[in-house]
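The values are calculated or read from the model by the stated rules, or taken from the named source; none is laboratory data. Just so we're clear, the structure is a prediction, and the values are computed from it rather than from any experiment. Cβ placement follows ideal geometry from the backbone for every residue including glycine, while neighbour counts extend to all protein chains displayed. The accessibility values were calculated without ligands, DNA or RNA, using every heavy atom of the protein model including side chains. Shrake-Rupley method; radii C 1.70, N 1.55, O 1.52, S 1.80 Å.
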Amino acid sequence: MSNTTASATDIVAAALHAGILAPSPHNTQPWEFRVHGETIEVLLDDTRVLGYCDPDAREATLACGAAVLNMRMTIAEQGRECVVEPLPDRARPLLLATVAVGGQRHPTPEEQRLASAVERRHTNRRPYLDREIPVAVRHALTEAAGAEGARLVLLDQAQRFDEFVALLRHADHLQQQDPRFLAELREWTHDGERSDGVPKAAGGPRAVDGGLLALRDFGGDVATEREFERRPLVAVLTTRGDTRLDMLRAGQAMQRVLLSATAAGLNASFLSQPIEVDSVRGRLRELLGGHEHPQTVLRLGYGYPSAATPRRPVEEVTREGPP
Ligand SMILES: Cc1cc2nc3c(=O)[nH]c(=O)nc-3n(C[C@H](O)[C@H](O)[C@H](O)COP(=O)(O)O)c2cc1C
């Protein structure tokens, strides 16, 4: 075990630190943690849900699910059992999960690999290299989603990919024409002076001729245009159902995919426009066969490392004591 002497207090502290490193839409960090003893409650902070582009709190719930996965891997890596109870109390709908530190056990190599990727994972919106992702790595990514009860559909067939690109561009166009979407995006974009929201510097450069994929424009590097990769790997994460439990599961699966990608030397960014525009999400579902529910869309590839974005400190998002 990596750390048999770590106290439960230290392990809870490590888990909380891992929790705040999860990705979240517009870096809203829509979580609140409550600690009692060796149990962490993970709550949705509904004051931080993007009211316009995430009205069902899908993306916020995914973000909280990602925080849960980070905590799970960190607790496991510290040589402890981790017991998660999703949606444990119907009377407290904002309580998404409890994460409890259990007895001693050996971490698996996989848990160690994923835990060590938590700090290194960052959204990378810059161009990637035109380097093929080996089949074994693609397989590992789909396995990661499967391990959490979700499915990662790789859009590696030309026709499906082209149809997806058309949907992405359509959704992006609708958002770019929508003053309420743009106002919300502006509210969460800044020059780097805040501990939440997206610093303009974290936005990628504009693509020459708009590029193949429509990447979200955070208004950063507007002066330069860059060539992006010619054949990006795009993957849609889906679940069988579309309940809050499915979204929580999807968040853990998303994060497991992202950590697996990081551990394999890959970068990732998100293409959420077709998820956020309801009518387009329905068409994306049809494109994938109509049986499963798209939860998030990722772009994956090799590239140069990107920087971390700020986080609100653990003390700001955590309360001690019983609910
Ligand atoms: C569910 C979800 C959807 C997201 N959608 C987008 C997106 O469409 N475009 C984008 O550039 N970033 C997107 N992001 C990435 C966040 O902006 C990013 O996680 C946040 O700024 C924190 O940065 P980090 O991931 O580097 O830690 C999304 C993140 C999550 C969890």
All positions within the range 66-95 that are touching a Pro at 6+ places or on another chain (Cβ under 9 Å), open to solvent by less than 50 Å² (accessible area, probe 1.4 Å) and more than 17 Å from Glu111 (Cβ to Cβ) = Leu95
message = Can you name every one of the helices (runs of 4 or more DSSP H) wholly within the range 99-215 that holds 1 or more residues which are of a type in the set (Phe, Trp, Tyr)?
response = 158-176, 179-187
message = Please go through the range 38-58 and give me each residue that is closer than 23 Å to Asp172 by Cα and either open to solvent by 20 Å² or more (accessible area, probe 1.4 Å) or assigned by TED's automatic domain parsing to the domain that holds Pro179 (or both), ordered by number.
response = Arg48, Val49, Gly51, Tyr52, Pro55, Asp56
key: Hits in the range 262-279 (condition: more than 12 Å from the chain's Cα centre (by Cα) and touching a residue at least 40 places away in the same chain (Cβ under 8 Å))   = Thr262, Ala263, Ala264, Leu266, Asn267, Gln273, Pro274, Ile275, Glu276, Val277
task = Taking the residues in the range 187-214 that are hydrophobic (A, V, I, L, M, F, W, C) and at pLDDT 85 or above as candidates, determine which candidate is farthest from Pro313 (Cα to Cα).
result = Ala207
key: When residues of the range 195-233 are limited to those that are within 21 Å of Ala307 (Cα to Cα) and among the acidic types (Asp, Glu), the one most open to solvent (accessible area, probe 1.4 Å)   = Glu227
task = Mind listing whichever residues of the range 21-59 are more than 8 Å from the ligand (Cβ to nearest atom), assigned to a helix (DSSP H, G or I) and of a type outside the set (Val, Ile, Thr)?
result = Asp46, Arg48
